[in-house]
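J.: One structure follows; several queries about it will come next.
The values are calculated or read from the model by the stated rules, or taken from the named source; none is laboratory data. Note that the structure is a prediction, hence the values are computed from the model and not measured. Ideal geometry is used to build each Cβ from the backbone, glycine not excepted, and the neighbour counts take in all protein chains shown.
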């Protein structure tokens, strides 16, 4: 027997029927159940009158097979997927008020706590190491302060923001531009599994739907809709990131941007956002003060504290170790360049590098490239 969730599930999966047409039907018929029991020919004529010619009578009639609907809905349970709609108790309140709100959502794991502040951390897929480390840093530190981190589980800035939140032992939500069971990109498989266990993954697309370009702008309105604010870490001048920013502005969200060097292509978008009025971010407190009306519980400037820790660390190192550590930064540096800048012997540099790696002071993001940890 069909239940309310089955009718909503059916309505969201009719071939050729988009959100605009569905909303029009709901305005006139009141509920998916009323639409379902209306004569098929009447609905098809109604749909065509709206200018939608992608939905035809054969596909529409076939979509109404009760056994098929219940079976398809049951497959969600097999994949540990939950389906929600605007009438569901767990449907996010933040999404109900945005233009073109999703009519159906699929999620794994948990949904975010609506009582907590939330921020979308977004940016370039082809990001620099500095950008990735900043995404990890802000994802981690904001999570520690009770801010929910939301992003698109994409390569680059998105994935690193999620990783930062997970490092802090906190919840983070990924919004997909494909079916809820599709890992995209594939190199984020481990991150996907981790977020499914300790965080959440959500999508407007049913299981099995492959990613394609048209789904990502739609995905972005959900990212901005679920967040109270948007932090852009890195973006080129014509980055797709600005789709999310534009949607966030339409939704009345606060926009933050991390400044970068003028010569860096991946920083031009952020610098332009700041020129246009985005909040200038140099630390976590810059966000907390505006977003949550408070400062970090530690009462200190996080980046400045990190710099102070670096100075204290240098004092604990042996003189030659201090020389090696001093030439390193967030951007990875090749071992030959380290040897040249320190003017130490290759053997001494390798010995100090190995010790600093073992002690966790520095890391090796790529073979024979080294950088400090933030």
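J.: Could you please let me know if residue 260 is part of a helix (DSSP H, G or I) and either at pLDDT 95 or above or more than 25 Å from residue 114 (Cα to Cα) (or both)?
T.: So residue 260 fails the test.
J.: Do we find that residue 252 is in contact with a strand residue (DSSP E or B) (Cβ under 8 Å, 6 or more places away or on another chain), surrounded by fewer than 18 Cβ atoms within 10 Å (Cβ to Cβ) and at positive phi in this structure?
T.: Answer is no for this residue.
J.: Which of the residues belonging to region 81-122 are at positive phi and at pLDDT 95 or above?
T.: Residue satisfying the conditions is 109 alone.
J.: Would you confirm whether any residue within region 162-182 is assigned to a helix (DSSP H, G or I), buried (at least 17 other Cβ atoms within 10 Å of the Cβ) and touching a strand residue (DSSP E or B) at 6+ places or on another chain (Cβ under 6 Å)?
T.: Checked against the condition, which is being assigned to a helix (DSSP H, G or I), buried (at least 17 other Cβ atoms within 10 Å of the Cβ) and touching a strand residue (DSSP E or B) at 6+ places or on another chain (Cβ under 6 Å), region 162-182 yields at least one hit.
J.: Identify all residues within region 22-55 that are in a helix (DSSP H, G or I), loosely packed, with under 13 Cβ neighbours inside 10 Å and more than 37 Å from the chain's Cα centre (by Cα); write none if there are none.
T.: 37, 41, 42, 45, 49
J.: Could you look through region 5-19, keep only residues that are assigned to a helix (DSSP H, G or I) and in contact (Cβ under 8 Å) with a residue 40 or more places away in the chain, and pick out the one that is surrounded by the most Cβ atoms within 10 Å (Cβ to Cβ)?
T.: Of everything passing the filter in region 5-19, 10 is surrounded by the most Cβ atoms within 10 Å (Cβ to Cβ).
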